[in-house]
1. If ALA14 satisfies every condition in (1) small (Gly, Ala, Ser); (2) more than 24 Å from ASN122 (Cβ to Cβ); (3) out of contact with any Gly (no Cβ under 9 Å at 6 or more places or on another chain) but one, which is the exception?
2. Just for segment 58-70: of the residues that are more than 15 Å from ASP95 (Cα to Cα) and not hydroxyl-bearing (Ser, Thr, Tyr), which one is modelled with the lowest pLDDT?
3. Would you check if there is a residue in segment 55-70 being of a type in the set (S, T, N, Q), within 15 Å of HIS110 (Cβ to Cβ) and within 16 Å of the chain's Cα centre (by Cα)?
4. Among the residues of segment 13-50, which ones are of a type outside the set (S, T, N, Q), in contact with a His (Cβ under 8 Å, 6 or more places away or on another chain) and either at pLDDT 90 or above or over 25 Å from GLU128 (Cα atoms) (or both)?
5. In segment 1-12, what count of residues is obtained for those that are hydroxyl-bearing (Ser, Thr, Tyr) and either modelled with pLDDT of 90 or more or more than 10 Å from the chain's Cα centre (by Cα) (or both)?
6. Test VAL81 against the criterion of being surrounded by 15 or more Cβ atoms within 10 Å (Cβ to Cβ), touching a residue at least 60 places away in the same chain (Cβ under 8 Å) and touching a strand residue (DSSP E or B) at 6+ places or on another chain (Cβ under 6 Å), and give yes or no.
7. With the structure loaded, tell me whether ASP39 is surrounded by 13 or more Cβ atoms within 10 Å (Cβ to Cβ) and either within 20 Å of VAL121 (Cβ to Cβ) or of a type in the set (Ser, Thr, Tyr) (or both) or whether it fails that test.
8. Read through the list (1) touching a residue at least 60 places away in the same chain (Cβ under 8 Å); (2) out of contact with any Leu (no Cβ under 8 Å at 6 or more places or on another chain); (3) over 25 Å from ASN32 (Cα atoms); (4) of a type in the set (Lys, Arg), then give the number of the only condition that LYS96 fails.
Amino acid sequence: MTGKCATWVASVSAYSFYTYNGMLYVHTQTKNSSNVPFDTDFIRFKITDKKVPKRTAIQETVLDAVRSYNEVIEIAGKSTVRTVYALPKFTIPDDKLLVVELYEKNGGRHQTIRVENADIVNAEVIDELKIK
């Protein structure tokens with residue numbers, strides 16, 4: 001569940017999944033191991049096919065995050081940031097993936113996480129949600 005760009009030493013990973021009250025919470029960790037700050041442009045969640053045969057149209061479904069907690073625009077050099085995104089609850093067939101893409105503003109260190117359905121259906125259930 002980790003996307004890495006070894007050249008720029010930046011990585012994003014899906015740390016864990018939680019479910020509460022009809023929502024799926026994706027806990028991510030973004031690590032910037034370089035000295036150059038990582039300016040976040042946007043993050044995209046989409047459901048896509050695992051394998052796309054030649055000459056076949058790619059089918060993607062984009063999911064919009066309902067809410068985010070601790071979303072940071074700039075990740076300083078040599079630092080790590082954890083963010084939680086709330087998405088409407090969903091499951092996906094075994095032949096599809098949840099793809100999380102994090103794009104750098106005015107840069108090329110774009111990161112991708114590929115998440116299997118097994119990771120989503122095994123999300124930890126939260127009994128009580130405390131929001132600050």
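The values are calculated or read from the model by the stated rules, or taken from the named source; none is laboratory data. The structure presented is a predicted model; accordingly, all values stated were derived computationally and were not measured. Note that we place each Cβ from the backbone using ideal geometry, even for glycine, and neighbour counts take in every protein chain shown.
1. Checking ALA14 against (1) small (Gly, Ala, Ser); (2) more than 24 Å from ASN122 (Cβ to Cβ); (3) out of contact with any Gly (no Cβ under 9 Å at 6 or more places or on another chain), the one that fails is (2).
2. Filtering segment 58-70 down to residues more than 15 Å from ASP95 (Cα to Cα) leaves 62-70.
The next check asks that each one be not hydroxyl-bearing (Ser, Thr, Tyr); those that pass are 62-67, 70.
On the way: VAL62: 95, LEU63: 96, ASP64: 96, ALA65: 95, VAL66: 96, ARG67: 95, ASN70: 92.
Filtering first and then ranking leaves ASN70.
3. Checked against the condition, which is being of a type in the set (S, T, N, Q), within 15 Å of HIS110 (Cβ to Cβ) and within 16 Å of the chain's Cα centre (by Cα), segment 55-70 yields no hits at all.
4. To start, the set of residues in segment 13-50 that are of a type outside the set (S, T, N, Q) comprises 14-15, 17-18, 20, 22-27, 31, 36-39, 41-47, 49-50.
When the remaining residues are screened for being in contact with a His (Cβ under 8 Å, 6 or more places away or on another chain), the result is 14-15, 17-18.
Hits for segment 13-50 are PHE17, TYR18.
5. Residues of segment 1-12 that are hydroxyl-bearing (Ser, Thr, Tyr), as a first pass: 2, 7, 11.
Next, only the ones that are either modelled with pLDDT of 90 or more or more than 10 Å from the chain's Cα centre (by Cα) (or both) stay: 7, 11.
Of the residues in segment 1-12, 2 are hydroxyl-bearing (Ser, Thr, Tyr) and either modelled with pLDDT of 90 or more or more than 10 Å from the chain's Cα centre (by Cα) (or both).
6. On the way: surrounded by 15 or more Cβ atoms within 10 Å (Cβ to Cβ): yes; touching a residue at least 60 places away in the same chain (Cβ under 8 Å): no; touching a strand residue (DSSP E or B) at 6+ places or on another chain (Cβ under 6 Å): yes.
No; evaluated as a whole, the condition is false for this residue.
7. Details: surrounded by 13 or more Cβ atoms within 10 Å (Cβ to Cβ): yes; either within 20 Å of VAL121 (Cβ to Cβ) or of a type in the set (Ser, Thr, Tyr) (or both): no.
No, not satisfied.
8. (1)
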